[in-house]
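Taking it in order: structure first as structure tokens, then the write-up.
A short reminder: the numbers here are calculations on the coordinates, not readings from a lab. Note that the structure is predicted; figures quoted are calculated from it, not measured. All Cβ positions, even for glycine, are placed from backbone atoms using ideal geometry, and neighbour counts span all protein chains on display.
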Amino acid sequence: MLHRSRSHWFHSAEPYAPSAPLEGVLNVDVCVVGGGVTGLSTAYHLKKLDQHASVALLESEVVGFGASGRNAGQLIVAFGESDFKAQMRRHGAAKLREAYTYIHEGISTIEDLINEHDIACDYEQTGYFEMGLRADGSETLDEYLAFCRGIGQDSFLEPISEAQVARSFQSPYFGKAVFDRRGGQFNPLKYLRELKFVVQRFGVQVHENSPVVCIEREPSCISLRTGRGTLRCQKLVVATNAYSHLLPGLEDLGMIRSQSPVFVYANVTEPLSESQWGALNWPRRAGVNLMSKLFYSFAPTRDGRLLYVGGYYARVPQGNEMSLDISKDFLTEGPRHLASFFPALSDLRTVQSWGGPISTTRDFIPHVGLLADDRIGYANGCWGHGMPLGTSNGRTLAGLMLNRRTTDSASWLVTRKKIDWPSRMIVSPVVRSLSSAMRRDIRKIGRKMQPRLVFEK
Ligand SMILES: Cc1cc2nc3c(=O)[nH]c(=O)nc-3n(C[C@H](O)[C@H](O)[C@H](O)COP(=O)(O)OP(=O)(O)OC[C@H]3O[C@@H](n4cnc5c(N)ncnc54)[C@H](O)[C@@H]3O)c2cc1C
């Protein structure tokens, strides 16, 4: 096993010199805390909207240290909980159409940025597959298609029959599928590092290795202290996603209960040979996401590997701990499961595993908007597929900080009353019991699969 603590993207990256930490005292109009996709997109859009605004971004480690540099690199259109009937019941077609368009716009913005600034990040516009599991029957995929028709998203989709899927993927488990021609795959860390250079060229002051350890709100300004410096700003954007409950100084504004972290784990294989790819007959080398409670996703990388994420192994941390330790089960079962999904790959080695923190809100709808102190904007609750969402949230937050009235600032995602988790003391046990129930369901699905998919615990 190679270097487990950070992702394959870090492990395979070119040497990188982080920007200097914050030192001394700095005064700016807007400070962004967090150097993930949300923070960098906010910084970018702030400068796009007002090139004279002075903007700084503080990142506790390095750009991409959080989920943005640890994910599967898929750009797909996904939003909210996976029960589509419940989504429709709760929010209605008009709001959901707006939300799905918002995510799609995030993908388009990433594509525009890549083209406009020549961002070399291995982007392949492959589209992706939402894949049904034979053991689940065809209901889930049918419901998804009906849902997409109901919210006007079906023109991007192409249903694929079970027979076509069987010819293409050589997997005993896959049922029918839906191909979505939007999005594709990229190297998220390369993208973020390049985006950092873009925002720096626009005049944003980026400081890495600058953890914000104290936030003080005074009438004239907001002061943020890192270990070595102090930053004073008029406006603040909190783009710390799964770390948001830990920020000291925003407790009275409800940041502790607005989201709860969950750790998700990924594996990457050695590169497949051309004959292995040929044997699989994998169309377009597009990403595959299982539309099932047995959540697995499989994303081919530019250098011919398979990067796979297993939802069963997600972990809810205790209290404030943020250690991304990998369970032994994930290390042993992941490769075994991969071979069950794709028998032609039974000899393929998995060479690296890692974890990353995502963020859940109580109703699975992401939070973006202003806190009760309306000098402060925030976004969290970015979970499954947050790269497009974080990109759109950055645009929204920039508009809010600069008091621009846009369709984003009027969106229901911004204006709705956010539902918080109950007291922090019981959030972890509640989320943990939800995930135990989900694990029980997943093990039941595993028993129905042919050949059976075994989970040790
Ligand atoms: C294994 C895995 C696979 C995934 N797969 C996909 C995928 O294929 N496609 C997709 O779109 N999404 C995927 N996601 C989700 C996606 O990565 C996240 O939703 C998204 O990256 C969230 O971005 P963010 O900028 O809001 O948060 P993060 O990327 O977590 O950024 C927050 C940043 O804040 C910094 N920070 C925290 N506290 C402080 C502080 N006190 N001071 C300064 N800085 C601080 C952190 O170091 C971090 O860099 C995946 C996630 C995981 C874990």
- Looking at this model, which pairs from Lys85/Lys448; Lys328/Lys457; Lys47/Lys417 are more than 19 angstrom apart at the alpha-carbon? Lys85/Lys448; Lys47/Lys417
- Dividing the mean separation of Cα pairs under 8 Å (6+ apart) by the residue count of segment 358-442 yields a relative contact order in percent of 27
- Set Lys and Arg Cβ to +1 and Asp and Glu Cβ to -1, take the dipole of segment 117-204 about its Cα centre, and tell me which of Ser161, Ile151, Gln200 lies farthest positive. Gln200
- Contour excess over end-to-end distance, with Cα ends at Ala339 and Ala146 and 0.36 nm allotted per residue: 66.2 nm
- Message: Taking the 0 to 90 degree range and rounding to the nearest ten, how far is the long axis of helix 139-150 tilted relative to the main principal axis of the chain, both from C-alpha atoms?
- Response: 50
- Task: Positive end of the charge dipole of the chain (Lys, Arg +1 and Asp, Glu -1 on Cβ, about the Cα centre): tell me which of Ser327, Trp354, Val454 has its Cα farthest that way.
- Result: Val454
- Set the Förster distance to 41 Å, then compute FRET efficiency between Leu246 and Glu274 from the Cβ-Cβ distance, nearest 0.05. 0.35
- Size of charge dipole - the chain - debye, nearest 20, with Cβ of Lys, Arg +1 and Asp, Glu -1, no other charges: 980
- By how many degrees, 0 to 90 and rounded to 10, does the Cα axis of helix 424-448 deviate from the longest principal axis of the chain? 20
- Task: Apply 1/(1 + (r/R0)^6) to the Cβ-Cβ distance of Glu116 and Ala93, taking R0 = 45 Å, and write down the FRET efficiency to the nearest 0.05.
- Result: 0.85
- Message: So the label point goes 7 Å from the Cα of Lys444 along Cα→C-beta, right? Which residues of segment 306-344 then have their backbone N under 17 Å from it?
- Response: 312
- Message: Output needed for segment 204-343: three equivalent-ellipsoid semi-axes, defined as square roots of 5 times the C-alpha gyration tensor eigenvalues, in descending order, whole Å.
- Response: 42, 18, 13
- Take Lys457, Lys48 and order them by how many other Cβ atoms sit within 10 Å, fewest up front. Lys457, Lys48
- Message: Tell me whether segment 20-74 comes out rounded, prolate or oblate; compute the Cα gyration tensor, take square roots of the eigenvalues as a ≥ b ≥ c, and use a/c under 1.5 as the rounded threshold.
- Response: oblate
- Task: Might you report the magnitude of the Cβ-based charge dipole of segment 16-169 about its Cα centre, with Lys and Arg at +1 and Asp and Glu at -1, to the nearest 20 debye?
- Result: 380
- Please list the equivalent ellipsoid semi-axes of segment 86-235, computed as the square roots of five times the alpha-carbon gyration tensor eigenvalues, in descending order and whole angstrom. 42, 21, 16
- Query: Taking the highest mean first, how do the peptides 386-397, 51-62, 88-99 order by number of other beta carbon atoms within 10 angstrom per residue?
  - Reply: 386-397, 51-62, 88-99
- Gain in span if fully extended, Lys48 to Ala410, counting 0.36 nm per residue against the direct Cα distance: 128.4 nm
- Task: Select from Ala43, Gly377, Tyr191 the residue farthest towards the positive end of the dipole of the chain; place +1 on Cβ of Lys and Arg, -1 on Cβ of Asp and Glu, and compute about the Cα centre.
- Result: Gly377
- Item | Relative exposure of Ser161, Ser210, Ser353, judged by other C-beta atoms within 10 Å (fewest first) | Ser161, Ser353, Ser210
- Item | Contour minus Cα-Cα distance for Leu331 and Ser82 (0.36 nm per residue) | 87.0 nm
- Task: Based on a Kirkwood Rh over C-alpha pairs, give the Stokes-Einstein translational diffusion coefficient of the chain at 20 °C and viscosity 1.002 mPa s in µm²/s.
- Result: 96
- Query: For helix 386-401, what angle does its Cα long axis make with the longest principal axis of the chain, in degrees from 0 to 90 and rounded to 10?
  - Reply: 20
- Note on the structure: Only helices counted: for the chain, with every DSSP H run of 4 or more residues adding -39500 (n - 2.57) and the sum spread over all residues, [θ] at 222 nm is -10500 deg cm²/dmol
- Alpha-carbon Rg/Rh ratio, for segment 242-314, with Rh computed the Kirkwood way: 1.22
